[in-house]
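The next block holds one structure in the form of structure tokens; read it before the comments.
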Amino acid sequence: MNVAQEFDPLYRAAQALPLASDTADAALATIIQTRGSTFRRAGASMLVMRDGRLVCELSGGCPQRDIVWRAQQVMDAGEAQLVSYGREANYDVMLETGCGGELDVLIEPLRRREDLQFLEAMADLRARRQPGALATVYAADGQPLSPRPWRIVQGRDTAWDDIDDEALRSHLEAVLPSLQIGTAATSVRVETGSRCYDVLVEPLRPSHALVVIGDSIGARMLAALSLQLGWHTTWVDPAQARDDGEDGLRRVAVSARSLAAQVALDAMTSAVVMTHRLERDLDYLAALLDSPVGYIGAIGSRQRATQITAALARIDGRLHVPAGLDVGSETPQEIALAVAAEILALRNGKQGGLLSRSRMPIHA
């Protein structure tokens, strides 16, 4: 679950499971290690239901069909399973998908409510928009832990775990705070004297949030696209309050002066101003520049951009005006796509160029 926006649909589906017996109703498949070029990285998870439904599919390029078949076996047996796909095992599956790399997958059954406690601990961190770390102890002395792995979820001031080895718990509690929010998930080996454990360690990031300010169709399109990307989305309509919808979109009517008091603005938040009224745009931009948000965008022509930057009279690398990548966008939908693409690129430390012209790894 190293992609923050994938957590919510997986968590909602897991919560809806009727976990009340010894028969597993679903299985969780997690990539724990990769070698070479793969479509997904370590930490990516997929929920496989008893009826064959999938939540957060890994990718058509990974050996997904084989993983689903093995997940059904895990549900029946009630025991976790470790599966390798590469030159040493199941190589024909990898050749068939054309993936080119190798990966190891942990598949665990979900039988009881206790099996979801680590997800609940992660959801608590996300609700408070706190970073943290997750450690999944998936093997001991080369064999998968059964019936399921041990885990520890650690935040800034909270921790939860079900680890049944005091020495291992103490070691993980000591090393997890050193994880930085930008690090990638990785598997490590921990020796406690009596046993040797394999552990997947993942940073936990708050979900990206987008604040869209404006009452135009363009603002509506950008808010809708933000929801599809799994971003926590707030639509600020300066003129009219609206009811929050079942789609998860928060709608508020708030002035620039009250923005910081009524809308959460942190470093994991981006904001785009598109009221199409210069004075109102400037008021909101000034308020955002005084906040810790990571990205501030404004829609407009080159001439309007010059007016905005001149009026603000301050240099700030977070400010992007006109907002968006240069993709020749014309319609409100295309403009929303260009703006969202710029935000995504900057969040991931990318320039937004053509992949076909780059020789850098796609998943660096």
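Name every residue in segment 249-276 that is in a loop (DSSP other than H, G, I, E, B) and either over 23 Å from GLY324 (Cβ atoms) or in contact (Cβ under 8 Å) with a residue 60 or more places away in the chain (or both), in order of residue number.
Initial filter on segment 249-276 (in a loop (DSSP other than H, G, I, E, B)): 249, 253-258, 263-268, 274-276.
Answer for segment 249-276, where residues must be in a loop (DSSP other than H, G, I, E, B) and either over 23 Å from GLY324 (Cβ atoms) or in contact (Cβ under 8 Å) with a residue 60 or more places away in the chain (or both): ALA253, VAL254, SER255, ARG257, SER258, ALA264, ASP266, MET268, MET274, THR275, HIS276.
For segment 186-242, name all the residues that are over 30 Å from PRO144 (Cβ atoms) and free of Cβ contacts under 8 Å to residues at least 12 places away in the same chain.
GLN228, ARG242, listed by residue number.
So GLU279 clears everything in (1) out of contact with any Lys or Arg (no Cβ under 9 Å at 6 or more places or on another chain); (2) in contact (Cβ under 8 Å) with a residue 12 or more places away in the chain; (3) part of a helix (DSSP H, G or I) except one condition, right? Which one?
(2)
What's the number of the only condition in (1) open to solvent by 10 Å² or more (accessible area, probe 1.4 Å); (2) farther than 23 Å from LEU134 by Cα; (3) modelled with pLDDT of 90 or more that MET75 fails to meet?
Among (1) open to solvent by 10 Å² or more (accessible area, probe 1.4 Å); (2) farther than 23 Å from LEU134 by Cα; (3) modelled with pLDDT of 90 or more, the lone unmet condition for MET75 is (1).
Scan segment 202-216 residue by residue and report those that are assigned to a loop (DSSP other than H, G, I, E, B) and in contact with a strand residue (DSSP E or B) (Cβ under 8 Å, 6 or more places away or on another chain).
Start the filter on segment 202-216 by keeping residues that are assigned to a loop (DSSP other than H, G, I, E, B), which leaves 205-208, 214-216.
Hits for segment 202-216 are SER207, HIS208, GLY214.
Have a look at ILE315, ILE335 and point out the one that is among the β-branched types (Val, Ile, Thr), under 21 Å from HIS208 (Cβ atoms) and either open to solvent by 40 Å² or more (accessible area, probe 1.4 Å) or modelled with pLDDT under 90 (or both).
Working: ILE315 fails: under 21 Å from HIS208 (Cβ atoms).
So the residue among ILE315, ILE335 that is among the β-branched types (Val, Ile, Thr), under 21 Å from HIS208 (Cβ atoms) and either open to solvent by 40 Å² or more (accessible area, probe 1.4 Å) or modelled with pLDDT under 90 (or both) is ILE335.
Identify the single condition in (1) surrounded by fewer than 21 Cβ atoms within 10 Å (Cβ to Cβ); (2) assigned to a loop (DSSP other than H, G, I, E, B) that ALA167 does not satisfy, given that it satisfies every other one.
(2)
Just need a number here: residues in segment 282-305 that are part of a loop (DSSP other than H, G, I, E, B) and open to solvent by 10 Å² or more (accessible area, probe 1.4 Å).
Qualifying residue count, segment 282-305: 7.
For segment 31-58, which residues satisfy the criterion of being closer than 15 Å to GLY101 by Cβ and open to solvent by 30 Å² or more (accessible area, probe 1.4 Å)? Give the derivation first.
Going residue by residue through segment 31-58, those that are closer than 15 Å to GLY101 by Cβ are 31-42, 44, 58.
Passing the criteria: GLN33, THR34, ARG35, GLY36, SER37, PHE39, ARG40, ARG41.
The values are calculated or read from the model by the stated rules, or taken from the named source; none is laboratory data. Just so you know, these numbers come straight off a predicted model, no measurement behind them. Using ideal geometry, Cβ is built from the backbone for each residue, glycine included, and neighbour counts are taken over all protein chains shown. Accessible surface areas use protein heavy atoms only, side chains included; no ligands, DNA or RNA. Shrake-Rupley method; radii C 1.70, N 1.55, O 1.52, S 1.80 Å.
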